[in-house]
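Read through the structure below, which is laid out as C-alpha coordinates, and then see the notes.
The values are calculated or read from the model by the stated rules, or taken from the named source; none is laboratory data. From a predicted model like this one, the values you see are computed outputs, not experimental measurements. Cβ placement follows ideal geometry from the backbone for every residue including glycine, while neighbour counts extend to all protein chains displayed.
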Amino acid sequence: MSSLSHVDKEGRARMVDVGGKPDQKRVARAAGKICLEPATIQLITANDMKKGNVLTVAEIAGIQAAKKTSEWIPLCHTLQLTGIKVDAVLNEEGVTITSVVSSMGPTGVEMEALTAVSAALLTIYDMCKAVDKKMVLSDIILLEKTKK
(Lines give C-alpha, C1' and ligand atoms only; values in the text may rest on other atoms or scores of the structure.)
Protein backbone atom coordinates (compact mmCIF):
# COMPACT_ATOMS: atom_id res chain seq x y z
CA MET A 1 0.00 0.00 0.00
CA SER A 2 2.70 2.47 0.94
CA SER A 3 6.46 2.81 1.07
CA LEU A 4 6.18 4.70 4.37
CA SER A 5 8.21 2.91 7.03
CA HIS A 6 5.63 3.51 9.77
CA VAL A 7 2.69 2.05 7.85
CA ASP A 8 2.20 -1.68 7.20
CA LYS A 9 0.83 -3.13 3.95
CA GLU A 10 -2.73 -2.83 5.31
CA GLY A 11 -2.23 0.86 6.08
CA ARG A 12 -2.00 0.49 9.87
CA ALA A 13 0.51 2.46 11.89
CA ARG A 14 3.45 0.53 13.28
CA MET A 15 6.71 1.19 15.01
CA VAL A 16 9.66 0.24 12.81
CA ASP A 17 11.84 -2.61 14.12
CA VAL A 18 15.41 -1.29 14.18
CA GLY A 19 16.76 -4.28 16.09
CA GLY A 20 18.77 -5.57 13.15
CA LYS A 21 20.45 -2.28 12.34
CA PRO A 22 24.02 -1.62 13.56
CA ASP A 23 24.76 0.95 16.23
CA GLN A 24 26.20 4.11 14.71
CA LYS A 25 27.05 7.55 16.04
CA ARG A 26 24.00 9.67 15.18
CA VAL A 27 23.89 13.47 15.35
CA ALA A 28 21.10 15.87 14.40
CA ARG A 29 21.00 19.67 14.42
CA ALA A 30 17.79 21.69 14.38
CA ALA A 31 16.81 25.33 14.74
CA GLY A 32 13.81 27.60 15.08
CA LYS A 33 12.92 31.12 16.12
CA ILE A 34 10.37 33.20 17.93
CA CYS A 35 9.77 36.81 16.97
CA LEU A 36 9.16 39.14 19.91
CA GLU A 37 8.15 42.73 20.43
CA PRO A 38 11.05 45.12 21.22
CA ALA A 39 9.75 45.67 24.76
CA THR A 40 9.83 41.90 25.38
CA ILE A 41 13.39 41.70 24.10
CA GLN A 42 14.31 44.49 26.54
CA LEU A 43 12.74 42.60 29.47
CA ILE A 44 14.64 39.44 28.56
CA THR A 45 17.89 41.40 28.14
CA ALA A 46 17.46 42.96 31.58
CA ASN A 47 16.37 39.59 33.06
CA ASP A 48 13.19 41.30 34.27
CA MET A 49 10.63 38.68 33.23
CA LYS A 50 8.54 37.67 36.23
CA LYS A 51 8.89 33.96 35.47
CA GLY A 52 12.70 34.06 35.55
CA ASN A 53 15.62 33.85 33.16
CA VAL A 54 13.87 33.13 29.86
CA LEU A 55 16.87 31.91 27.90
CA THR A 56 18.16 29.52 30.57
CA VAL A 57 14.73 28.08 31.29
CA ALA A 58 14.13 27.58 27.54
CA GLU A 59 17.44 25.73 27.17
CA ILE A 60 16.61 23.43 30.07
CA ALA A 61 13.12 22.81 28.67
CA GLY A 62 14.64 21.83 25.34
CA ILE A 63 17.00 19.36 27.00
CA GLN A 64 14.18 17.82 29.02
CA ALA A 65 11.94 17.54 25.97
CA ALA A 66 14.62 15.84 23.85
CA LYS A 67 14.91 13.15 26.54
CA LYS A 68 11.13 12.60 26.44
CA THR A 69 10.56 12.67 22.67
CA SER A 70 9.25 9.11 22.51
CA GLU A 71 6.51 10.12 24.96
CA TRP A 72 5.45 13.02 22.69
CA ILE A 73 5.72 11.39 19.25
CA PRO A 74 3.81 8.10 19.17
CA LEU A 75 6.03 6.04 16.83
CA CYS A 76 9.45 7.28 18.00
CA HIS A 77 11.83 4.86 19.64
CA THR A 78 13.05 5.43 23.18
CA LEU A 79 16.71 6.31 22.70
CA GLN A 80 19.79 6.41 24.86
CA LEU A 81 21.00 9.92 24.10
CA THR A 82 24.69 10.63 24.59
CA GLY A 83 24.51 14.40 24.28
CA ILE A 84 22.02 17.27 24.09
CA LYS A 85 22.96 20.90 23.59
CA VAL A 86 20.33 23.62 23.32
CA ASP A 87 21.29 27.24 22.75
CA ALA A 88 18.91 30.20 23.05
CA VAL A 89 20.32 33.36 21.47
CA LEU A 90 18.61 36.71 21.81
CA ASN A 91 18.76 38.96 18.75
CA GLU A 92 17.02 42.09 17.48
CA GLU A 93 13.98 40.13 16.25
CA GLY A 94 13.56 37.72 19.14
CA VAL A 95 15.22 34.44 20.06
CA THR A 96 16.81 31.78 17.89
CA ILE A 97 17.02 28.27 19.31
CA THR A 98 19.47 25.67 18.05
CA SER A 99 19.87 22.12 19.25
CA VAL A 100 22.40 19.36 18.70
CA VAL A 101 21.43 15.87 19.83
CA SER A 102 23.61 12.77 19.62
CA SER A 103 23.35 9.07 20.35
CA MET A 104 25.03 5.77 19.60
CA GLY A 105 22.36 3.49 18.22
CA PRO A 106 20.42 2.02 15.33
CA THR A 107 18.16 4.99 14.55
CA GLY A 108 18.44 8.74 14.09
CA VAL A 109 17.89 11.58 16.55
CA GLU A 110 16.28 14.17 14.29
CA MET A 111 12.95 14.03 16.14
CA GLU A 112 14.78 14.64 19.42
CA ALA A 113 16.57 17.68 17.96
CA LEU A 114 13.32 19.09 16.55
CA THR A 115 11.45 18.40 19.80
CA ALA A 116 14.16 20.20 21.78
CA VAL A 117 13.78 23.30 19.59
CA SER A 118 9.99 23.18 19.71
CA ALA A 119 9.82 22.84 23.50
CA ALA A 120 12.35 25.64 24.01
CA LEU A 121 10.31 27.95 21.77
CA LEU A 122 7.06 27.03 23.52
CA THR A 123 8.71 27.75 26.85
CA ILE A 124 9.67 31.23 25.70
CA TYR A 125 6.11 31.75 24.52
CA ASP A 126 4.77 30.66 27.91
CA MET A 127 7.19 32.85 29.84
CA CYS A 128 6.46 35.95 27.73
CA LYS A 129 2.74 35.61 26.96
CA ALA A 130 1.71 38.04 29.71
CA VAL A 131 3.65 40.89 28.08
CA ASP A 132 3.70 40.02 24.36
CA LYS A 133 0.54 39.20 22.41
CA LYS A 134 2.22 39.21 18.99
CA MET A 135 4.80 36.42 19.33
CA VAL A 136 5.30 34.18 16.30
CA LEU A 137 7.11 30.84 16.33
CA SER A 138 8.60 29.95 12.95
CA ASP A 139 11.23 28.28 10.84
CA ILE A 140 11.56 25.10 12.89
CA ILE A 141 13.86 23.08 10.68
CA LEU A 142 16.19 20.11 10.67
CA LEU A 143 19.55 21.54 9.64
CA GLU A 144 21.56 18.35 9.47
CA LYS A 145 21.61 14.69 10.42
CA THR A 146 24.60 12.40 10.23
CA LYS A 147 25.55 8.84 11.03
CA LYS A 148 29.02 7.30 11.19
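Just one residue in the set E59, E92 is at pLDDT 95 or above, within 19 Å of the chain's Cα centre (by Cα) and not in a strand (DSSP E or B); that residue is E59.
For segment 61-119, which residues satisfy the criterion of being charged (D, E, K, R), touching a strand residue (DSSP E or B) at 6+ places or on another chain (Cβ under 8 Å) and farther than 15 Å from R29 by Cβ? Outline the logic, then answer.
From segment 61-119, those charged (D, E, K, R) are 67-68, 71, 85, 87, 92-93, 110, 112; that's our starting set.
Adding the requirement that they be touching a strand residue (DSSP E or B) at 6+ places or on another chain (Cβ under 8 Å) leaves 67, 85, 87, 93, 110, 112.
Answer for segment 61-119, where residues must be charged (D, E, K, R), touching a strand residue (DSSP E or B) at 6+ places or on another chain (Cβ under 8 Å) and farther than 15 Å from R29 by Cβ: K67, E93.
Counting the residues of segment 50-66 that are among the β-branched types (V, I, T) and within 15 Å of E110 (Cα to Cα) gives 1. Residues in segment 32-55 that are in contact with a strand residue (DSSP E or B) (Cβ under 8 Å, 6 or more places away or on another chain) and either charged (D, E, K, R) or under 13 Å from T96 (Cα atoms) (or both): G32, K33, I34, C35, L36, I41, V54, L55.
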